Amino acid sequence: MAGKPKLYYFDGRGKMESIRWLLAAAGVEFEEESLETREQYEKLLQGGSLMFQQVPMVEIDGMKMVQTRAILSYVAAKYNLYGKDLKERALIDMYVGGTDDLMGFILMFPFLSAEDKEKQRAVVVQKAISRYFPAYEKVLKDHGQDFLVGNNFSWADVHLLEAILMVEEKKSDVLSGFPQLQAFKARISSIPTIKKFLEPGSQRKPVPDDKYVETVRRVLHMYYDIKAN
Amino acid sequence: MSGKPRLTYLNGRGRMEPVRWLLAAAGAEFEESFLETKEQYEKLIKDGVLMFQQVPLVEIDGMKMVQTRAILSYIAGKYNLYGKDLKERALIDMYVEGITDLMEMILMFPFSPPEAKEKNLDSINDRAINRYFPVFEKVLKQHGQDFLVGNKFSWADVQLIEAILAVEEKIPAVLSGFPQLQAFKIRMSNMPTIKKFLQPGSRRKPPPDERYIETVLKIFKK
């Protein structure tokens, strides 16, 4: 079934944003169904569309895919953004694992109390500048190439740019000690598909706000307090 | 460099156990270095071998691999346990990710405070019997094959048998409503490489005990 992929999620970033980035970077048009009500979610559940009762869910190539990492791996491979062999794939998987962990610190941000938000902001920045950014700075410095893996644009580059921009939203000068990453950010941002995604009117979602948090809580009946990790 | 893979981790299950399972299931021998002190860990970081300052670390085929998922995907790809095409790989990835979410609850369990343990055990039971096990019970029932994906042994089968046994250690009767999974468990346990791994003297690690928890806290606590 060769229609466009269709994304099922809330109207906001969350765990779906990396998928929007990757599809956009690959130049793939996609449709979205935004969950606004509990009823919509229960309809998806009853219809058996959500393998583990969770979103993200992406309808693609006749499959109802769930699990963010599985979806991203499939999209990466399908659009040749996953390296040329097993070893390049291993590097991409490693790098994506790191940026995933980093973005994971930001994922629960909107759900935190104001006080916890400040603490978590400090944690995110500290992890970025002491653990994650130095690792990617070194990769780029060591091989001197434009892209992270195999001198070719890949999922790892898309994911790192997404992570950089997300951390910069928390601290705008966070890249100040990382010249390679600054150049990387400029380079990758000017790739035509990514440039388009970064412009207003694209399917990129804005920084999550209280309305987003309310929607998630309402749809998932997720009323408990979220603590920072 | 064609030596055996070398695993660096604590002497316990943690995040390395799925790697031990998968290598063993593939019939691949491996070596292990155990972290016992904070100093050993800090030396690894200082030596620059841990890309994100974390273990698991697996030295394999000239690479110093970190990030459990990346390691497992590489091993699965290398030993032909990752399906025959992109769509089978997608299924395996989906199943493995779901099982990993369940295993994460078990991973964290020993570190939860005593007063939360009963509640957490109930959550594990609830997720296992209402969210995860029904999915795999249905998959096996619908295609009637021995293995989860593509009528062939894969990473997904290894991950599922590991999870079943880990949950059973906490909730012995957890499979009582799942006849397909009971048969699956027996079938997988009898596969030669897995059978060997389940015998005493293998590289399989015991369930986490007090000593293991102390070691984790000693090495990683700031």
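The values are calculated or read from the model by the stated rules, or taken from the named source; none is laboratory data. All figures in this text were calculated on a predicted structure; none of them were measured in a lab. Quick reminder, even Gly has a Cβ in these numbers, built from the backbone with ideal geometry, and neighbours come from all protein chains shown. Ligands, DNA and RNA are stripped out before the accessible areas are found, and what is left, the full protein with its side chains, is counted by its heavy atoms. Shrake-Rupley method; radii C 1.70, N 1.55, O 1.52, S 1.80 Å.
Determine the shape class of the stretch B:1-148: with a ≥ b ≥ c the square roots of the Cα gyration tensor eigenvalues, call it rounded for a/c under 1.5, and otherwise prolate if a/b is greater than b/c, oblate otherwise.
Values: a/c = 2.59, a/b = 1.21, b/c = 2.13.
Since a/c reaches 1.5 but b/c is at least a/b, the shape of the stretch B:1-148 is classed as oblate.
Other chains' Cβ within 10 Å of B:95-107 residues: what's the mean?
Values: counts 4, 3, 9, 6, 1, 2, 3, 1, 0, 0, 0, 0, 0.
For this peptide, the per-residue mean of nearby foreign Cβ atoms is 2.
Using a Gaussian network for chain B with springs between C-alpha atoms less than 10 Å apart, which of these wobbles most: B:ILE129, B:ILE71, B:ILE186?
In this elastic network of chain B, the residue with the biggest mean-square fluctuation among B:ILE129, B:ILE71, B:ILE186 is B:ILE186.
Under a 5 Å amide H to amide H cut-off, with H placed in plane at 1.01 Å, what residues pair with B:LYS152 once short-range neighbours are removed?
Under 5 Å from the amide H of B:LYS152: B:PHE147.
Summarise the partner chain shielding of A:135-144 as one whole number: the mean count of Cβ atoms from other chains within 10 Å of each residue's Cβ. Working shown, then result.
Working: counts 5, 1, 0, 2, 1, 0, 0, 0, 0, 0.
Partner Cβ neighbours, averaged per residue: 1.
So what does B:SER73 come to for accessible area, using a 1.4 Å probe and Å² rounded to 10?
Solvent-accessible area, nearest 10 Å²: 10 Å².
For the stretch B:45-106, what does the convex hull of the Cα positions come to per residue, in cubic angstrom? Could you put the intermediate results ahead of the total?
Values: hull volume 6.0 nm³, N = 62.
Hull volume over Cα atoms, normalised by residue count, gives 97 Å³.
So what is the accessible area of the protein assembly as shown per residue, in Å², with the probe set to 1.4 Å? Each step should come with its number before you reach the end.
Values: 21120 Å² over 451 residues.
Heavy-atom accessible area per residue stands at 47 Å².
Quick one: compute the contact order of chain B, relative version, from alpha carbon pairs under 8 angstrom and 6+ residues apart, as a percent. Please list the in-between numbers first.
Values: 254 pairs, mean separation 60.6, N = 222.
So the answer I get is 27 percent.
I'd like the Karplus ³J(HN,Hα) series for the stretch A:13-21: coefficients 6.51, -1.76, 1.60, θ = phi - 60°, whole numbers in Hz, and an x wherever there's a Gly or Pro.
For the stretch A:13-21, the Karplus curve yields 5, x, 7, 7, 4, 4, 6, 4, 4 Hz.
Remind me, relative contact order of the stretch B:32-164 in percent, using alpha carbon pairs under 8 angstrom and six or more residues apart?
Details: 88 pairs, mean separation 30.5, N = 133.
So the answer I get is 23 percent.
Using every alpha carbon pair in the stretch A:92-186, what percent of pairs falls into each 5 Å bin from 0 up to the bin containing the largest distance?
2, 14, 26, 25, 16, 9, 4, 2, 0
How many Å² of accessible surface get buried when A and B come together, counting both sides, probe radius 1.4 Å, rounded to the nearest 100?
Working: alone 11850 and 12190 Å², together 21120 Å².
What A and B bury together is about 2900 Å².
So if the hydrodynamic radius of the stretch A:1-68 is defined as the Kirkwood radius over C-alpha pairs, what does Stokes-Einstein give as its diffusion coefficient at 25 °C and 0.890 mPa s, in µm² per second? Spell out each step's value before the answer.
Values: Rh = 12.3 Å.
Translational diffusion coefficient: 200 µm²/s.
List the pair-distance distribution P(r) of the stretch A:178-229, using every Cα-Cα distance, as the percent of pairs falling in each 10 Å bin from 0 up to the bin containing the longest distance, rounded to whole percents.
Whole-percent P(r) values from 0 Å outward: 19, 28, 24, 26, 3.
Obtain the nm distance between the two label points defined at B:ASN80 and A:LYS138 by a simple spin-label model: each point lies 7 Å from its Cα along the Cα-to-C-beta direction.
Placing both labels 7 Å beyond Cα along the Cβ direction yields 3.7 nm.
With a ≥ b ≥ c taken as the square roots of the eigenvalues of the C-alpha gyration tensor of the stretch A:137-199, please select rounded if a/c is under 1.5 and otherwise prolate if a/b is larger than b/c or oblate if it is not? Could you put the intermediate results ahead of the total?
On the way: a/c = 1.96, a/b = 1.09, b/c = 1.79.
Oblate, since a/c reaches 1.5 and b/c is not below a/b.
Quantify how much of the Cα-Cα distance distribution of chain A extends past 24 Å, in percent. Intermediate results must be reported in sequence, preceding the final value.
On the way: 12037 of 26106 pairs.
Of all Cα-Cα distances in chain A, 46 percent exceed 24 Å.
Across the stretch A:1-122, what fraction of all alpha-carbon pairs, as a whole percent, falls in each successive 10 Å bin from zero upward?
Histogramming the stretch A:1-122 at 10 Å steps yields 12, 38, 33, 16, 2 percent.
Percent antiparallel among DSSP beta bridges with both residues in chain B, to the nearest 5? Could the numbers behind the result be given before it?
On the way: 8 of 13 bridges.
Bridges in chain B are about 60 percent antiparallel.
What do you reckon, how do A:LEU86, A:LEU102 stack up by accessible area (1.4 Å probe), largest on top?
So, going from the largest accessible area down, we get A:LEU86, A:LEU102.
Give B:LYS87/B:LYS205; B:LYS170/B:LYS218; A:LYS78/B:LYS43; A:LYS195/B:LYS221; B:LYS43/B:LYS152; A:LYS117/B:LYS138 a once-over and call out the pairs whose C-alpha atoms are over 31 Å from each other. Intermediate results must be reported in sequence, preceding the final value.
On the way: B:LYS87/B:LYS205 33 Å; B:LYS170/B:LYS218 25 Å; A:LYS78/B:LYS43 40 Å; A:LYS195/B:LYS221 42 Å; B:LYS43/B:LYS152 42 Å; A:LYS117/B:LYS138 42 Å.
Those over the limit are B:LYS87/B:LYS205; A:LYS78/B:LYS43; A:LYS195/B:LYS221; B:LYS43/B:LYS152; A:LYS117/B:LYS138.
Work out from phi, with θ = phi - 60° and the Karplus expression 6.51 cos²θ - 1.76 cosθ + 1.60, the ³J(HN,Hα) of each residue of the stretch B:65-71, listed in order in whole Hz, and give x for Gly and Pro.
So the J values, rounded to whole Hz, are 8, 10, 6, 3, 4, 4, 4.
Tell me, Kirkwood radius of the stretch B:89-222 from alpha-carbon pair distances, in Å? Don't skip to the answer; put the middle values down first.
Values: mean 1/r = 0.0623 Å⁻¹.
One decimal place: 16.1 Å for the Kirkwood radius.
How big is the protein assembly as shown by the Kirkwood estimate over distinct Cα pairs, in Å? Don't jump to the answer; show the numbers that get you there.
Working: mean 1/r = 0.0432 Å⁻¹.
In the protein assembly as shown this quantity evaluates to 23.1 Å.
Using the Cα centre as the reference, give the magnitude of the dipole from point charges on the C-beta atoms of the protein assembly as shown (Lys, Arg: +1; Asp, Glu: -1; all else neutral), rounded to the nearest 20 debye.
Values: 65 positive and 61 negative charges, 137 e Å.
Computed charge dipole of the protein assembly as shown: roughly 660 debye.
How large is ³J(HN,Hα), in whole Hz, for each residue of the stretch B:174-180 in order, when computed from phi with the Karplus curve 6.51 cos²θ - 1.76 cosθ + 1.60 and θ = phi - 60°, using x for Gly and Pro?
Per residue, the Karplus-derived 3J(HN,Hα) values read 4, 8, 4, x, 10, x, 4 Hz.
Can you give the helix-only mean residue ellipticity at 222 nm for the protein assembly as shown, where every DSSP H stretch with n ≥ 4 adds -39500 (n - 2.57) and the sum goes over all residues, rounded to the nearest 500 deg cm²/dmol?
Numbers: 20 runs with 238 residues, N = 451.
-16500 deg cm²/dmol, from helical runs alone.
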